[in-house]
Amino acid sequence: MKPRVSIIILTKNPGSQFGEILSAIERQSYSGPVETVVVDSGSTDGTLSRAEAHGCAIYTIDPEDFHHSKTRNFGAENASGDILVYLTHDATPKTEDWLENLVNPIITDQAGVVYGRQVAYPDAKPMNEFFYSHFYPDQRNTLTADDATDTRQFFLDNVYVSDVSAAIERDIWERYRFQEAINMSEDKDFALRVLDEGVNIVYEPEAVVYHSHDYDLRENLKRRFEDGRAYATIAANGEDNFVSNGVQYVIKEMRYLVKNGYIHWLPYVVLYDFTHFFGFQCGKLLGQIEDLER
């Protein structure tokens, strides 16, 4: 029999889409035992009734107790699987073999941690289409300890290291857990620590989920500020190529927009990218100041 898998989903008001996500999980072709563990932090939109209707194990916490690392650890503590799969409440498995493909590298001893591919929802804005096509390629990749020596480059080059769709061997999680001093980019921190201990990580592009955010300019600024703050804390050594990487990204993005008939989006995308880079740089500066004060 294949290993037992626990799919852990942290929820707060994901909306009616959550029922579709749970249905997609139920259609998975994985032949081993599967449980879905929902940790909810104050939903008022029918999320709990949807989870109950789909037979999920449900745990509730107060909204003020939510924490990206602590709550993920709490979900794992209350899961029984040999493999822990993290899926966010706004990510939908694209195919029925998503779970099989995601956990297979662990079952076959190729890796202790696996991250899947994300593609933008069909109705996503053009810059989000490009973002996911750029950072979540269709080529498989294996990360080793050598990839973790330059933590800053690792953070920037491996955006696909993400808890949006991830599988972790339970023994690996028990040894390393998510650091509860980290409240953002806990996935990058976890990956760097396990790589440093010789655990291989596989990026599996055949394990695909739909996932994208429709951020407005203010939301994008706020999110990238927190990303930059986390970058300063987690990525402490190596070359900081954020600006040069960013310039190359924007050039490729503009070419993508023109090539695909999105020329009318260019003015908005310029503003959107500015909030992205400005927010990240401001967050990074604050993170560096906070590190000096520790």
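The values are calculated or read from the model by the stated rules, or taken from the named source; none is laboratory data. Bear in mind the structure is a predicted one, so any value in this text is a computation, not a measurement. When we count neighbours, we look across all protein chains shown, and the Cβ atoms used for this are built from the backbone with ideal geometry, even at glycine. All accessible areas refer to the heavy atoms of the entire protein, side chains included, with ligands and DNA or RNA removed. Shrake-Rupley method; radii C 1.70, N 1.55, O 1.52, S 1.80 Å.
Tell me, please, whether a residue that is more than 26 Å from V119 (Cβ to Cβ), in contact with a Leu (Cβ under 8 Å, 6 or more places away or on another chain) and in a helix (DSSP H, G or I) can be found in region 192-213.
To start, the set of residues in region 192-213 that are more than 26 Å from V119 (Cβ to Cβ) comprises 193, 196-199.
With in contact with a Leu (Cβ under 8 Å, 6 or more places away or on another chain) added as a condition, the list becomes none.
The answer is no; no qualifying residue exists.
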statement: Log entry, pairs with first residue in region 169-182 being without any contact (Cβ under 8 Å) to a residue 60 or more places away in the chain, second being surrounded by fewer than 17 Cβ atoms within 10 Å (Cβ to Cβ) and small (G, A, S), beta carbons closer than 7 Å, six or more apart or on different chains, reads none
- request: Considering every residue within region 78-101, establish whether at least one is free of Cβ contacts under 8 Å to residues at least 60 places away in the same chain and over 25 Å from T142 (Cβ atoms).
  value: yes
task: Identify the single condition in (1) among the basic types (K, R); (2) modelled with pLDDT under 95; (3) open to solvent by 50 Å² or more (accessible area, probe 1.4 Å) that K284 does not satisfy, given that it satisfies every other one.
output: (3)
query: Among the strands (runs of 3 or more DSSP E) contained in region 51-148, which hold 1 or more residues that are farther than 17 Å from P205 by Cα and either open to solvent by less than 30 Å² (accessible area, probe 1.4 Å) or among the hydrophobic types (A, V, I, L, M, F, W, C) (or both)?
result: 57-60, 83-87
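When you scan region 187-197, do you find a residue that is modelled with pLDDT of 95 or more and over 19 Å from the mean Cα position of the chain (by Cα), even just one?
The first filter runs over region 187-197 and keeps only residues modelled with pLDDT of 95 or more, leaving 187-197.
When the remaining residues are screened for being over 19 Å from the mean Cα position of the chain (by Cα), the result is 196-197.
Scanning region 187-197, I find at least one residue that is modelled with pLDDT of 95 or more and over 19 Å from the mean Cα position of the chain (by Cα), so the answer is yes.
I'd like to know if region 16-35 contains one or more residues that are within 25 Å of D227 (Cα to Cα) and open to solvent by 30 Å² or more (accessible area, probe 1.4 Å). Outline the logic, then answer.
The first filter runs over region 16-35 and keeps only residues within 25 Å of D227 (Cα to Cα), leaving none.
No, that holds for no residue.
Yes or no, residue by residue, for (1) part of a loop (DSSP other than H, G, I, E, B); (2) modelled with pLDDT of 95 or more; (3) under 18 Å from the mean Cα position of the chain (by Cα):
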| residue | (1), (2), (3) |
| --- | --- |
| L10 | no, yes, yes |
| F18 | no, yes, yes |
| I25 | no, yes, yes |
| Q28 | yes, yes, no |
| S31 | yes, yes, no |
| V38 | no, yes, yes |
| T44 | yes, yes, no |
| L48 | no, yes, no |
message: So for region 189-203 (the condition being in contact with a Ser or Thr (Cβ under 6 Å, 6 or more places away or on another chain), farther than 19 Å from L10 by Cβ and among the β-branched types (V, I, T)), does at least one residue qualify?
response: yes
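For the structure I just gave you, tell me whether Y210 is open to solvent by 50 Å² or more (accessible area, probe 1.4 Å), within 13 Å of the chain's Cα centre (by Cα) and on the phi < 0 side of the Ramachandran plot.
Numbers: open to solvent by 50 Å² or more (accessible area, probe 1.4 Å): yes; within 13 Å of the chain's Cα centre (by Cα): yes; on the phi < 0 side of the Ramachandran plot: yes.
Against the criterion (open to solvent by 50 Å² or more (accessible area, probe 1.4 Å), within 13 Å of the chain's Cα centre (by Cα) and on the phi < 0 side of the Ramachandran plot), Y210 qualifies.
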field: Members of region 105-153 found to be over 22 Å from N260 (Cα atoms) and in contact with a Leu (Cβ under 8 Å, 6 or more places away or on another chain), listed by number
entry: V114, G116, L143, T144, A145, D147, A148, T151
query: Would you say K12 is open to solvent by 30 Å² or more (accessible area, probe 1.4 Å), at negative phi, touching a residue at least 24 places away in the same chain (Cβ under 8 Å) and touching an Asp or Glu at 6+ places or on another chain (Cβ under 8 Å)?
result: yes
Options A236, A181, A167; residue that is within 17 Å of I106 (Cα to Cα) and either open to solvent by less than 40 Å² (accessible area, probe 1.4 Å) or at pLDDT below 95 (or both): A167
message: Anything in region 239-271 that is farther than 30 Å from D146 by Cβ, in contact with an Asp or Glu (Cβ under 9 Å, 6 or more places away or on another chain) and open to solvent by less than 40 Å² (accessible area, probe 1.4 Å)? List them, or say none.
response: V269
- line: Here the qualifying pairs (Cβ atoms under 8 Å; residues six or more apart or on different chains; first in region 214-225 and under 16 Å from M127 (Cα atoms); second among the aliphatic types (A, V, I, L, M) and not in a helix (DSSP H, G or I)) come out as D214/A124
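Out of the residues in region 149-164 that are of a type in the set (S, T, Y) and open to solvent by less than 20 Å² (accessible area, probe 1.4 Å), which is modelled with the lowest pLDDT?
First, the residues of region 149-164 that are of a type in the set (S, T, Y): 149, 151, 160, 162.
Retained after the next criterion (residues that are open to solvent by less than 20 Å² (accessible area, probe 1.4 Å)): 151, 160, 162.
Details: T151: 94, Y160: 97, S162: 97.
The extreme case among them is T151.
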- request: Starting from region 244-261, take each residue that is closer than 16 Å to Y272 by Cα and list its partners that are open to solvent by 80 Å² or more (accessible area, probe 1.4 Å), counting only C-beta distances under 7 angstrom and pairs at least six apart or across chains.
  value: L257/I263
message: Given the condition touching a helix residue (DSSP H, G or I) at 6+ places or on another chain (Cβ under 6 Å) and of a type in the set (F, W, Y), answer yes or no: does some residue in region 246-261 qualify?
response: yes
